[in-house]
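The values are calculated or read from the model by the stated rules, or taken from the named source; none is laboratory data. All of these numbers come straight from a predicted model, not from anything done at the bench. Cβ placement follows ideal geometry from the backbone for every residue including glycine, while neighbour counts extend to all protein chains displayed.
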Amino acid sequence: MPTIKRIVFLSSLSLLSTLPLAYGQKPLLSLDDFFDSVDIRAIQISPDGHDVIIETVRADWPSNTFRNDLWLYRDMDGGSLVLITQSGHDSGAQWSPDGHSIAFLSDRKVADAKPKVPDHREKEDIGNAVAQVYVVSARGGEALPVSFSDADVHSFAWSADSHRIYFATGSRWTEKQKDEHRKEWGDVVQFRESERGDTVFGIEVAFAAPHTIASESRLARSEPATIAAIPYRIDQMAASPDGHRLAFTTSSRSGRIESSVPYGIYVIDLPNGGAPRLVLHTPGPPDYWTSAYDAWSLDSRQIFFSYGFGTPEGPIEFAQNRLYTVSVPEGKSIRWASEFGGNLEGYAVAPGGSLICAARLGTEVKPYIVLNAKSGVSQRPSWSGSYEHFSAAQHSPRVAFVFSSIQQPTEVYLADGPDELEHAHPVTAFNKLFTERELPKGKPYHWKTDDGVEIEGMLIYPPGQFEAKRLPMLTLIHGGPQEADGNHFEADWYQWSALAATQGWLVFQPNYRGSVGYGDAFTLGLVPKVGSRPGSDVLQGIDALVEEGAADPERLTIGGYSYGGYLTNWLITQTTRFKAAVTGAGDAEFVVNWGNNKFPLPYAYSLGGLPWEAEPNYNAQAPIWQIGKVITPTHIVAGADDITVYVGEDYLLERALTARGIPNTLLIFPSEGHLLDANPWHGKIKVREELKWLEKYGGRSPQR
C-alpha cells in the first residue's frame, strides 16, 4: 500500500479567526511568501456531512510546475486532513452517492501506478499523460484507474446507485483509420476537419467496496459500454437521483466560442443509453455544475444551471450570471430569484430542495437561501468578505464552503447548517503563513461619473498607512470584464494588490461599467464602447482620489491583465498622467484578435457586430490607432501560446511603442497560455518585474 500523508490539525487553526495584531508586530509579505499561497480550487462535502474533499493547487518550485492535490478532511477522526493522492495531477473529485468512494480525473502517467489489466490492454499505448478516471475508497487505499483510453477523459459522473461510472472522451479512431490518415496527411493539421465529437461510455465499478478498494489482483472488469455519441464536446455530466437519466452540457469541439450551435443541455436514458435528446439549446455555454448533486432537482424532473450569456432563449449578451432550471422532458426554462440584482457566483442544492447560493452585491459575496423558483432570496447571517464553493450534504444539514477577506486568507470552513455560517469552523490551514504576516487593509470607494452613475471600487492601503494621504497609486484593473474586485483574499500573478500595497502603493481597483454585482444594466453598459466607457469611469475615479488627497498626482501608475490589459492599453492613449504602465495579454486592435482568439462571438456582440458590419466600433475602440499620443513607459507580458488573447497583440503593442521611442519591455513566457498555469516561475517573474518597473518609472515607494 502506498504511503498516505496525514496532517493532524495544529492549535494554530484558531488563528484564522483572530484579528490581526497591531502594525509592526508581524513581518511584511515578501515575494516568496506571496507566491507560496495555496489556491483552493474546489470542495465537496460527503453525503453524510462528515467529510470534505478538497482540491488544491500550489507551486512545486523544484519541478517548475503546479501540483493539483486532493485532500480529505475527516470530521469523525477528531479533525484531520489526509492527502489522498500523491501524483500532483489530480482534480475534479466527486463522491459516490453512497459516500463510500471518491472518483477523480488524473493525467498522471500510468507507469506511476500501473494496474494489472487484461492482456489485450497491455498492447495499448496507455502510458501517455492523458486524463483518466480513478477511484479511491473514502477509507483509504490506492487509487485505481477505471478508464483506459488514448484520449483525455474530460467529464464523468457516478450512477445513482454508485455501481457505475459514465465518462466522456473524444471519439476514437480505429487503427485502420489512423493509418489511412497518416498515409494521406502525414503531420498536416486539417483545421476544423480534424476536430471530433465525444462518445459517452459506462463501466461497472464493483471493486469499489463499502470499506476498501479491492487489491489490484481483483481488478477484473468488463469492457466499457458505449452509451451515446454526439458531435460536440461534453463539458460535464450528472445522473438523475432516480437513476433514469444522464444529463450533460455541450460546447464546441475546439473550445472556440464562435457559433451558438454547439451549446445545450441533453439527456440520455439509462442504463442502456441511445440517441441524446436536446432538452434546451442555449446561445452560449452554461456554467459548470459545482457537483453532480447540484445538477438535478430531488424529484429528477428539473435540471439546474447558471448562465451568463443573457437568457437561455437568446439573443446572446454578456450579462451577470443568473440561475435557471429547465424541465425534463418539456424543455421549459424558468429563472430563479429573478428580482435579485446581484451576480450568482455559485450554488448548492440542500436536502429539502432549496438552494444555498453565493452571490455578489458590490464588493461583498454573501450567502443567500432561495426556497423555490418563485421565492426571492434571503441573505443569511454571515461574516464580511467573500463566500464561494458552497457544498451541501445530501443527508445532513451541514454545509462546507470557502471564505476569505482582505485580511483573512482563503480556507475551507464547515457549518452545521445554512443558518450557522457565522459559527462555522475552519478545517484547513493551507494559508496559515499569511496570518503571520502584516496584511494590507482595504475599504470600498465610491464616485459618480459625468452621466450620474455611481461606481464602486476598492482601495488597498500599505500596511500601517490605512487612509493615509498623497500616496503613490497603482490603478490595477480586473479582467473579464464580467468580474469584480472586492473584499476577498487572493495571492497570485493575476491579483497581486496585497503585494503591491506592501511595497508602498495605494492600490485602486475600480469596478467600472461591465463589472458584475451592480445589476444587468451596469454589466451591459460598456457595449459597444468597450474601452471609452469603462475607461472614462476609471479616469473619473482617479480624478476623485486625487482631488480628495488620497493619491499623489505625481505618482500615478496603471496596470492590468487580459481585459484589464486592454483597458490599460486604451488608457495610456487617453492621458499622459501615468508615470508607468504594466500590461499583459491585452488587445491593441480587434480585427486580427477576432480572427485568432477563442471568443469571436463575444467580440462581435461587445463591438456591435462582425468586423465588416461594425468597422467604426472596431477602430474607434482600438488603442493602436491612438498610439501616437502615448508617452507612458510600458511593461508588457504574454504567454507564447495564448489564444484567449492572441499573443500577436502584445508583439504589435511592443513594436508600436518601440517605433515611437517609448520605453518598453516585452516578456514572453514559453509554453504558456492565457492563464500562465504551466510553470509557477513565470507568474512570479511577471510580478517581480512589474514591481521593478513601477518603482523605476512610477516613483520609488516611500521608506517604511
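When you go through (1) of a type in the set (Val, Ile, Thr); (2) under 14 Å from Asp650 (Cα atoms); (3) touching a strand residue (DSSP E or B) at 6+ places or on another chain (Cβ under 9 Å) one by one for Val592, which number turns out not to apply?
Only one criterion in (1) of a type in the set (Val, Ile, Thr); (2) under 14 Å from Asp650 (Cα atoms); (3) touching a strand residue (DSSP E or B) at 6+ places or on another chain (Cβ under 9 Å) is unmet by Val592, namely (3).
Name the residue that is farthest from Ile572 (Cα to Cα), counting only residues in segment 638-689 that are surrounded by fewer than 20 Cβ atoms within 10 Å (Cβ to Cβ) and of a type in the set (Ser, Thr, Tyr).
Looking at residues that are surrounded by fewer than 20 Cβ atoms within 10 Å (Cβ to Cβ) and of a type in the set (Ser, Thr, Tyr), I get Ser671.
Tell me, which strands (runs of 3 or more DSSP E) wholly within segment 439-543 include 2 or more residues that are among the aliphatic types (A, V, I, L, M) and touching a Gly at 6+ places or on another chain (Cβ under 7 Å)?
Working: elements: 441-448, 454-461, 471-477, 506-511.
Per the criteria, 454-461, 471-477.
Only one residue in Thr449, Thr435 is more than 24 Å from the chain's Cα centre (by Cα), assigned by TED's automatic domain parsing to the domain that holds Asn487 and touching a residue at least 60 places away in the same chain (Cβ under 8 Å), so which one is that?
On the way: Thr435 fails: assigned by TED's automatic domain parsing to the domain that holds Asn487.
None of the others qualify; the one that does is Thr449.
Going through segment 134-150 one residue at a time, which ones are more than 15 Å from Gln86 (Cβ to Cβ) and among the charged types (D, E, K, R)?
Across segment 134-150, the qualifying residues are Arg139, Asp150.
Could you please let me know if Thr658 is hydroxyl-bearing (Ser, Thr, Tyr), assigned to a strand (DSSP E or B) and over 28 Å from the mean Cα position of the chain (by Cα)? It would help to see each step written out before you state the result.
Working: hydroxyl-bearing (Ser, Thr, Tyr): yes; assigned to a strand (DSSP E or B): no; over 28 Å from the mean Cα position of the chain (by Cα): yes.
No: the conditions fail for Thr658.
Return the residues of segment 240-259 that are free of Cβ contacts under 8 Å to residues at least 60 places away in the same chain, hydroxyl-bearing (Ser, Thr, Tyr) and in a loop (DSSP other than H, G, I, E, B); say none if nothing qualifies.
Within segment 240-259, just Ser252 meets the criteria.
Does segment 568-575 contain any residue that is out of contact with any helix residue (DSSP H, G or I) (no Cβ under 8 Å at 6 or more places or on another chain) and under 25 Å from Met473 (Cβ atoms)? So that I can check it myself, show each step before the final result.
Start the filter on segment 568-575 by keeping residues that are out of contact with any helix residue (DSSP H, G or I) (no Cβ under 8 Å at 6 or more places or on another chain), which leaves 568.
When the remaining residues are screened for being under 25 Å from Met473 (Cβ atoms), the result is 568.
Within segment 568-575, one or more residues are out of contact with any helix residue (DSSP H, G or I) (no Cβ under 8 Å at 6 or more places or on another chain) and under 25 Å from Met473 (Cβ atoms).
Of the numbered conditions (1) modelled with pLDDT under 95; (2) crowded, with 19+ Cβ neighbours inside 10 Å; (3) of a type outside the set (Lys, Arg); (4) out of contact with any helix residue (DSSP H, G or I) (no Cβ under 9 Å at 6 or more places or on another chain), Gly284 fails exactly one; give the number of that condition.
(4)
Look at segment 327-340 and say how many of its residues are in contact with a Leu (Cβ under 7 Å, 6 or more places away or on another chain) and either touching a residue at least 60 places away in the same chain (Cβ under 8 Å) or not in a strand (DSSP E or B) (or both).
2
Take the conditions more than 27 Å from Asn321 (Cα to Cα), in the same structural domain as Phe578 (by TED's automatic domain parsing) and touching a strand residue (DSSP E or B) at 6+ places or on another chain (Cβ under 8 Å) and apply them to Arg555. Does it pass? Don't jump to the end; show me each part of the working.
Numbers: more than 27 Å from Asn321 (Cα to Cα): yes; in the same structural domain as Phe578 (by TED's automatic domain parsing): yes; touching a strand residue (DSSP E or B) at 6+ places or on another chain (Cβ under 8 Å): yes.
Yes: the conditions hold for Arg555.
Answer yes or no: is there a residue in segment 416-430 that is in a loop (DSSP other than H, G, I, E, B), hydroxyl-bearing (Ser, Thr, Tyr), surrounded by fewer than 19 Cβ atoms within 10 Å (Cβ to Cβ) and on the phi < 0 side of the Ramachandran plot.
In the first step, residues of segment 416-430 are kept if they are in a loop (DSSP other than H, G, I, E, B); the result is 416-417, 424, 427-430.
Subsequent filtering for residues that are hydroxyl-bearing (Ser, Thr, Tyr) retains 428.
So of that shortlist, the ones also surrounded by fewer than 19 Cβ atoms within 10 Å (Cβ to Cβ) come out as none.
No; the residues of segment 416-430 include none that is in a loop (DSSP other than H, G, I, E, B), hydroxyl-bearing (Ser, Thr, Tyr), surrounded by fewer than 19 Cβ atoms within 10 Å (Cβ to Cβ) and on the phi < 0 side of the Ramachandran plot.
Does Asp36 satisfy the condition of being farther than 16 Å from Val136 by Cβ and either assigned to a strand (DSSP E or B) or of a type outside the set (Lys, Arg) (or both)?
On the way: farther than 16 Å from Val136 by Cβ: yes; either assigned to a strand (DSSP E or B) or of a type outside the set (Lys, Arg) (or both): yes.
Here the answer is yes, as Asp36 does meet what is asked.
Just checking, does segment 420-432 include any residue being of a type in the set (Ser, Thr, Tyr) and assigned by TED's automatic domain parsing to the domain that holds Glu548?
At the first step, the residues of segment 420-432 found to be of a type in the set (Ser, Thr, Tyr) are 428.
Of the ones still in play, those that are also assigned by TED's automatic domain parsing to the domain that holds Glu548 are none.
So far as segment 420-432 goes, no, none of its residues is of a type in the set (Ser, Thr, Tyr) and assigned by TED's automatic domain parsing to the domain that holds Glu548.
For (1) in contact (Cβ under 8 Å) with a residue 40 or more places away in the chain; (2) in a strand (DSSP E or B); (3) touching a His at 6+ places or on another chain (Cβ under 6 Å); (4) not polar (S, T, N, Q), each residue gets a yes or a no:
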site	(1), (2), (3), (4)
Thr325	yes, yes, no, no
Ile356	yes, yes, no, yes
Ile369	yes, yes, no, yes
Trp383	no, no, no, yes
